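Visitor: Quick one: the structure is below, questions incoming.
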Amino acid sequence: MSKESDAIDQVFKIHEEARKERTQSQKLDQIRVGTSRLTREEKTWADEEEAEIQDSPQELYHPIQRRDETRTGCLGGVLYAVFVFCVSIILACLGWMAASDMLALNKEGFTATVVLPESIFETEVVDVLDEDGNVTDHTTVKRADLDYLSNTLKQAGLIEYKWLFESYCRIAKADQKVRPGEYQLQSTYDYRALIQNMRPNAGSAVTVNVTLIEGMTMHEMFVLLERSGVASFEDLEEAAGTSRFNYSFIENPEDDGEADPLRLEGYLFPETYNFYANMQASSAINRLLEQFNSNLTDEVLSDIQNSGRSLRDLVTVASMIEKEAADDDERADIASVIYNRLNSDMFLGIDATILYVHPEHEGAPTAEMLKEKSPYNTRTVKGLPPTPICNPGLASLMAALSPNQTDYYYYALDMDTGRHRFFTNQEEFDSFVATQNY
């Protein structure tokens with residue numbers, strides 16, 4: 001017990017000495033503050049204590065403070081390291097998410113249909129620069145609305161981040177590469193593949209087969225093309241009036257001239273076509289004109305030149321044959337009647353011409369229509385109508401180019417056979433018509 005008591009006494013002694021030191025330190029501080037009121041004994045004691053402190057500067061060192069600063073520094077370093085680690089993880093996650101969207105990684109497979117209408121594209125004239133940056137020429141580019149494009153792809157589930165896709169498009173100039181149309185796109189396409197597959201010549205472009213029948217007018221063709229999803233009627237009509245086509249038989253509009261869609265009537269060749277859905281209207285029209293042009297072989301062009309008639313007159317005659325003929329066998333005879341009447345300065349009297357300006361009318365023309373003072377009324381105006389009245393097929397074009405040589409001036413439909421009967425004089429014609437119930 002004596003050893004334990006000695007140890008306890010030693011602890012208390014140490015504690016008491018520390019207390020005295022704190023008391024003396026506090027007293028010394030008080031004396032330093034109020035030195036003007038010290039007694040001689042207090043001043044002597046304070047000087048002795050101050051000298052003792054200067055002789056032993058280690059008394060001022062406090063290990064506890066050093067340990068606090070060390071712990072604070074270590075903790076700050078740990079917190080900074082944790083912060084950097086967390087930021088790195090967040091950036092890595094964002095980078096992975098962006099890369100996954102851009103490269104189409106780990107996406108569920110599906111097919112989405114995307115439509116880019118003509119209305120989201122704008123035409124712009126830009127400078128062409130040489131290697132030194134000098135302007136050498138100007139060119140026209142067509143740009144898509146990037147906001148519409150990114151919205152459409154996001155709604156279809158093909159991209160996740162609009163801002164990232166639009167940034168890519170600006171770098172890759174994708175707004176100049178995509179084209180109007182309807183496309184079937186795979187969810188596994190990355191950004192680059194999406195852009196490449198939004199062009200008409202890409203395998204993802206949706207196509208439709210449309211059959212344009214001989215004898216259809218331009219108006220009827222445009223209505224059918226719109227219903228088939230090729231292009232809108234308004235876009236087709238505008239392109240017919242204002243677009244420039246590189247064919248000698250088409251009269252292109254003047255820059256400041258009035259648009260005339262009827263300049264194409266008769267040259268839109270009837271055929272079965274495979275169009276891209278929602279394609280550019282002028283491109284769809286060009287397909288029809290190109291097909292017409294393909295029939296103008298060197299031999300045909302030579303025959304046209306030898307006929308002494310213009311291609312436009314031949315197409316106009318062919319359009320009337322197309323509307324009048326019941327079958328291929330009588331086309332050349334109808335052509336002979338038209339030319340015989342033109343050569344004799346007679347009225348053509350073909351009722352199909354007046355019906356051209358009444359597209360909504362069905363059946364035979366009314367008595368009022370036949371009295372109209374219209375350039376398309378061949379009962380009141382001599383010569384050919386101002387334009388073809390439909391788009392003829394190849395058989396009618398060949399009949400107009402190579403008519404039969406006859407003395408026929410009249411023809412009338414035989415209701416029993418469904419074919420036409422031909423006559424050389426009006427008396428025979430009137431007698432036959434009297435037997436028919438038209």
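Visitor: From the list L397, L384, L370, which one is closer than 22 Å to V433 by Cα and either at pLDDT 95 or above or assigned by TED's automatic domain parsing to the domain that holds V317 (or both)?
Guide: L370
Visitor: Take the conditions in the same structural domain as I250 (by TED's automatic domain parsing), closer than 30 Å to D235 by Cβ and modelled with pLDDT of 95 or more and apply them to Y273. Does it pass?
Guide: Numbers: in the same structural domain as I250 (by TED's automatic domain parsing): yes; closer than 30 Å to D235 by Cβ: yes; modelled with pLDDT of 95 or more: yes.
Criteria met by Y273.
Visitor: Right, next: Residue by residue through region 378-392, note down the ones that are touching a residue at least 40 places away in the same chain (Cβ under 8 Å), touching a helix residue (DSSP H, G or I) at 6+ places or on another chain (Cβ under 6 Å) and either farther than 15 Å from H358 by Cα or surrounded by fewer than 22 Cβ atoms within 10 Å (Cβ to Cβ) (or both).
Guide: L384, T387, P392, listed by residue number.
Visitor: Yes or no: A325 among the hydrophobic types (A, V, I, L, M, F, W, C) and within 44 Å of the chain's Cα centre (by Cα)?
Guide: Here the answer is yes, as A325 does meet what is asked.
Visitor: Check whether at least one residue in region 237-249 is over 21 Å from E118 (Cα atoms), in contact (Cβ under 8 Å) with a residue 12 or more places away in the chain and outside the structural domain of K142 (by TED's automatic domain parsing), and report yes or no. First the steps, then the outcome.
Guide: The initial filter retains those residues of region 237-249 that are over 21 Å from E118 (Cα atoms), namely 246-249.
Checking the rest, the ones that are also in contact (Cβ under 8 Å) with a residue 12 or more places away in the chain come to 247, 249.
Still in the running and outside the structural domain of K142 (by TED's automatic domain parsing): 247, 249.
Yes.
Visitor: Right, next: Of everything in region 190-220, what is of a type in the set (D, E, K, R), within 21 Å of N391 (Cα to Cα) and either touching a helix residue (DSSP H, G or I) at 6+ places or on another chain (Cβ under 9 Å) or crowded, with 17+ Cβ neighbours inside 10 Å (or both)? Give them in sequence order.
Guide: Step one: filter region 190-220 for residues of a type in the set (D, E, K, R), giving 190, 192, 199, 214, 220.
Still in the running and within 21 Å of N391 (Cα to Cα): 214, 220.
Scanning region 190-220 gives a single hit, E214.
Visitor: Need at least 3 residues that are at negative phi, in contact with an Asp or Glu (Cβ under 9 Å, 6 or more places away or on another chain) and surrounded by 15 or more Cβ atoms within 10 Å (Cβ to Cβ) per element, so show me which helices (runs of 4 or more DSSP H) inside region 227-321 make the cut, counting only ones lying wholly within it. Spell out the reasoning first.
Guide: On the way: elements: 233-242, 281-294, 298-307.
Per the criteria, 233-242, 281-294.
Visitor: Another question, if that's okay. Looking at region 397-438, which of its residues are crowded, with 16+ Cβ neighbours inside 10 Å, of a type outside the set (A, V, I, L, M) and in contact (Cβ under 8 Å) with a residue 60 or more places away in the chain?
Guide: P403, N404, Y408, Y409, Y410, Y411, H420, F422 - these are the residues of region 397-438 that are crowded, with 16+ Cβ neighbours inside 10 Å, of a type outside the set (A, V, I, L, M) and in contact (Cβ under 8 Å) with a residue 60 or more places away in the chain.
Visitor: Still on this structure: Suppose we keep only residues that are of a type in the set (S, T, N, Q) and in a strand (DSSP E or B) within region 119-161. Which one would you say is nearest to F233 (Cα to Cα)? So that I can check it myself, show each step before the final result.
Guide: Initially, region 119-161 is screened for residues of a type in the set (S, T, N, Q), giving 119, 123, 134, 136, 139-140, 150-152, 155.
From what's left, in a strand (DSSP E or B): 123, 136, 139-140.
Working: T123: 20, T136: 38, T139: 28, T140: 25 Å.
Per the stated criteria, the residue is T123.
Visitor: Could you tell me how many of the residues in region 109-118 are modelled with pLDDT of 90 or more and part of a loop (DSSP other than H, G, I, E, B)?
Guide: 1
Visitor: Name the pairs whose Cβ atoms lie under 6 Å apart, with the first residue in region 164-192 and not assigned by TED's automatic domain parsing to the domain that holds A112, the second of a type outside the set (D, E) and surrounded by fewer than 17 Cβ atoms within 10 Å (Cβ to Cβ), and 6 or more positions between them or separate chains?
Guide: Taking only residues 6 or more apart or on different chains, not a single pair turns up.
Visitor: So which residues in region 347-363 are over 10 Å from T378 (Cβ atoms) and surrounded by 12 or more Cβ atoms within 10 Å (Cβ to Cβ)? Lay out the reasoning, then the answer.
Guide: In the first step, residues of region 347-363 are kept if they are over 10 Å from T378 (Cβ atoms); the result is 355-363.
Selection gives L355, Y356, V357, H358, H361.
Visitor: Given the criteria modelled with pLDDT under 95 and under 51 Å from the mean Cα position of the chain (by Cα), does D333 qualify? First the steps, then the outcome.
Guide: Numbers: modelled with pLDDT under 95: no; under 51 Å from the mean Cα position of the chain (by Cα): yes.
For D333, the condition - modelled with pLDDT under 95 and under 51 Å from the mean Cα position of the chain (by Cα) - is not met.
Visitor: To continue, here is another question. Can you pull out the residues in region 204-216 that are more than 16 Å from E271 (Cβ to Cβ) and at pLDDT 95 or above?
Guide: Matches in region 204-216: none.
Visitor: Would a scan of region 86-102 turn up a residue that is outside any helix (DSSP H, G or I) and either of a type in the set (A, V, I, L, M, F, W, C) or at pLDDT 80 or above (or both)?
Guide: no
Visitor: Something else now. Residues in region 187-198: is at least one out of contact with any Phe, Trp or Tyr (no Cβ under 6 Å at 6 or more places or on another chain), assigned to a strand (DSSP E or B) and either among the aromatic types (F, W, Y) or on the phi > 0 side of the Ramachandran plot (or both)?
Guide: no
Visitor: Can you list residue pairs whose Cβ atoms sit under 6 Å apart, with the first residue in region 282-295 being β-branched (V, I, T) and the second being in a helix (DSSP H, G or I) and crowded, with 17+ Cβ neighbours inside 10 Å? Count only pairs 6 or more apart in sequence or on different chains.
Guide: Every condition considered, the pairs that remain are I285/A239.
Visitor: Pull up region 305-321, narrow it to residues that are of a type in the set (G, A, S) and touching a residue at least 12 places away in the same chain (Cβ under 8 Å), then point me to the one that is farthest from I354 (Cα to Cα). Talk me through it step by step, then tell me what you get.
Guide: Narrowing region 305-321 to residues of a type in the set (G, A, S): 307-308, 310, 318-319.
Then drop every residue that is not touching a residue at least 12 places away in the same chain (Cβ under 8 Å), which leaves 307, 318-319.
Details: S307: 27, A318: 16, S319: 13 Å.
If we take residues in region 305-321 being of a type in the set (G, A, S) and touching a residue at least 12 places away in the same chain (Cβ under 8 Å), then S307 is farthest from I354 (Cα to Cα).
Visitor: Run N437 past the list (1) touching a helix residue (DSSP H, G or I) at 6+ places or on another chain (Cβ under 8 Å); (2) part of a loop (DSSP other than H, G, I, E, B) and report the number of the one that doesn't hold.
Guide: With respect to (1) touching a helix residue (DSSP H, G or I) at 6+ places or on another chain (Cβ under 8 Å); (2) part of a loop (DSSP other than H, G, I, E, B), N437 is out only on (1).
The values are calculated or read from the model by the stated rules, or taken from the named source; none is laboratory data. None of the values given here were measured: they were computed from a predicted structure. Neighbour counts run over all protein chains shown; Cβ positions are idealised from the backbone, glycine included.
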